[in-house]
Amino acid sequence: MAVFSAPGFDKHEHVAFRFDQETGLKAIIAVHNTNLGPAVGGCRMWAYDNDALALEDALRLSRGMTYKSALANLPFGGGKAVIIGESRQDKSDDLLRAMGLFVDRLDGLYVVAEDVGTTVQDMDVIAEVTDHVACTSEGSGNPSPYTALGVFEGVRAAVRHKLRANAELEGVHVAVQGLGQVGFALAQQLHDAGATLTVADISADAVTMAADELGATPADPDSIHTTKADVFAPCALGGILNDRTIPQLQVPIVAGAANNQLAEDRHGAALAARDILYAPDYAINAGGIIEIAHIGEQDDENTRDHVRTIHDTLINLFRRADAERLPTNVIADMMAQERFLAA
Ligand code: NAD
């Protein structure tokens, strides 16, 4: 399996592989860049079809974390871990402790957090064997409320920049795709701010709850992105902005929580060509990683104020994109690189 010539390899500082005989743990930790601080990032557990796909995920996601933390001005580098396995069947406390020992071997180069397939409780188990862990129940906990707050601020910034300078969200129509931990909390905040909601989820219960509690209009999960609205907020899947969906969008703004929303980088230019303002995913969904920077602090309002800076970060990014006539995702990459490469 290629590493240095793998598609996702981008000058990664350190890539470590671990097999543990006793528990069957098969895991990879990728550390992309530590110029700004220790590499912080989630540990994903997923039944990858083959090892190359697991490596690719670790490489791509760890690079993304470098950019996310740099753009949010945090003292963190970028890293990510993957455990190869089906989380519902293969996860055990012994396996998690073996993962914790793997993290510990890197001696603080990488700090592990929860991700798809791992939970705050899993981080508590990992914390039994290493200090290099965030998102434990005594640490930062579940990041989703902070991510949702940051996305809400990002939607406000996009609406102010594109639609109504100095206005709030009263009467703004937002189509939310995915009513999970982040999407539902976002929908609640938008509702409280007077926005009108159209929502979709593959879980009928979540949609019913949003309709009952927030007066949201249900839409088909396959066509929510075609809703005529002010904002499309992808909060479910990656790759949702692609050759098929971009021509179908009927919104001036895309701003949501999902990671890797652009199927390919060129889709940022495709959105700009349609005069659709795109809030780059890793800029708008940084609330959870910002919270990790405040572990141990008593004053939650301080953390929330820091998360709210996502509003101004995005306003600056949008203005620069206008001035330099470049897609917002390109500007986000430039701003992040200016920080971590200069450090
Ligand atoms: P989640 O698993 O709680 O919610 C995802 C929701 O999307 C679920 O309710 C699921 O039923 C729904 N869904 C799945 N496929 C769908 C489809 N085809 N159409 C409509 N709905 C669909 O996840 P989450 O924690 O809310 O995260 C949402 C997104 O935000 C993910 O892309 C995640 O990577 C990203 N993100 C989350 C955080 C965080 O703090 N949780 C931080 C950064 C980024």
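Taking Cα atoms only, the orientation of helix 144-162 departs from the longest principal axis of the chain by about 40 degrees. Each Lys or Arg adds one and each Asp or Glu takes one away; over the other residues whose Cβ falls under 12 Å from the Cβ of ALA211, this sums to -4. When the chain is treated as a Gaussian network with alpha carbon springs shorter than 10 Å, the biggest mean-square fluctuation among VAL159, VAL129, VAL40 belongs to VAL129. Over all pairs of different C-alpha atoms, segment 89-229 has a mean inverse distance whose reciprocal, the Kirkwood radius, equals 17.3 Å. Of all lysines in the structure, the ones whose alpha carbon falls short of 16 Å from that of LYS91, not counting any fewer than 8 places away in one chain, are LYS26. Near the amide H of ARG44, within less than 5 Å, lie the amide hydrogens of ALA81, VAL82, ILE83, all on another chain or at least 5 residues away, with H placed in the peptide plane.
The stretch between GLU138 and LEU237 holds 32.7 nm of extra length on full extension. This uses 0.36 nm per residue minus the Cα-Cα distance. Once the Cα atoms are used to define both axes, helix 328-340 deviates from the longest principal axis of the chain by about 40 degrees. At the listed q of 0.06, 0.08 Å⁻¹, the Debye profile of the chain, built from one uniform point per Cα, gives log10 I(q)/I(0) equal to -0.20, -0.37. Under 5 Å between amide hydrogens, built in the peptide plane, is the criterion, and for TYR278 it picks out VAL254, THR328 among residues at least 5 positions away or on other chains. Under Stokes-Einstein, with the Kirkwood radius over Cα pairs as Rh, the value for segment 144-340 at 25 °C and 0.890 mPa s is 148 µm²/s. For segment 1-97, applying the loop criterion from DSSP together with a ceiling of 11 other beta carbons within 10 Å to the chymotrypsin sites (Phe, Trp or Tyr not before Pro) yields PHE4. Computed from backbone phi with θ = phi - 60° and the Karplus coefficients 6.51, -1.76 and 1.60, the 3J(HN,Hα) list for segment 199-212 is 9, 8, 7, 6, 8, 5, 4, 5, 5, 4, 5, 5, 5, 5 Hz; x is used for glycine and proline. Rounded if a/c is under 1.5, else prolate if a/b beats b/c, else oblate: with a ≥ b ≥ c from the C-alpha gyration tensor eigenvalues square-rooted, which is segment 14-126? Prolate, because a/c is 1.5 or more and a/b exceeds b/c.
Taking a straight line from the alpha carbon of LYS11, these aspartates and glutamates sit under 17 Å away, with near neighbours fewer than eight places off in the same chain left out: GLU56, ASP57, ASP333, GLU338.
Every read-out reported here was derived from the displayed coordinates using simple, explicitly stated rules and does not represent laboratory data. These figures come from a predicted structure and were not determined experimentally. Backbone-built Cβ (ideal geometry, glycine too); neighbour counts: all protein chains shown.
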